[in-house]
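Input: a single structure, listed below in structure tokens.
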Amino acid sequence: MRLMFLASLLVVAVMGCQAAPKQTSAVAAGTPQLVKELTNQTTVYTCPDCKMEFDRPGKCTMCNVDLVETRVEYVCPVDNQPVGQAGKCPRCGADARVIKTVVAPKAKGAPGAG
């Protein structure tokens, strides 16, 4: 009985020491991932319906709507000068203002259009 208990314990310990789970095929295939917090992103992809922001183009994982490219800028509210990332301005310590601007889609047939 005691031997079976120790063997079971050993099996559980070995199973717990398995390698980290591999990325799912959806992540590997390039499915947009939710941006939980803006840090230093200069471009995000926003769902026009639910306003969630993602790291790459594609479809919203909640609404299944095409995401819209959005430019992100960080500006000091005191001197209106650019700041490199979200958070405090390195010059004055004020909270940087986040400015989001939707990027117009390129017309088909225009130079640089996909």
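The values are calculated or read from the model by the stated rules, or taken from the named source; none is laboratory data. Please read these numbers as outputs of a predicted model, since none were measured by experiment. Glycine also receives a Cβ, built like all others from the backbone with ideal geometry; neighbour counts cover every protein chain displayed.
List of remarks:
- Any hit, the range 104-111, residues being surrounded by 15 or more Cβ atoms within 10 Å (Cβ to Cβ) and either among the hydrophobic types (A, V, I, L, M, F, W, C) or in contact with a Phe, Trp or Tyr (Cβ under 8 Å, 6 or more places away or on another chain) (or both): no
- Whether a residue is within 17 Å of V102 (Cβ to Cβ) and modelled with pLDDT under 95 was assessed, and L38 passes this test.
- Some residue of the range 53-65 being touching a residue at least 24 places away in the same chain (Cβ under 8 Å), surrounded by fewer than 16 Cβ atoms within 10 Å (Cβ to Cβ) and either in a strand (DSSP E or B) or of a type in the set (F, W, Y) (or both): yes
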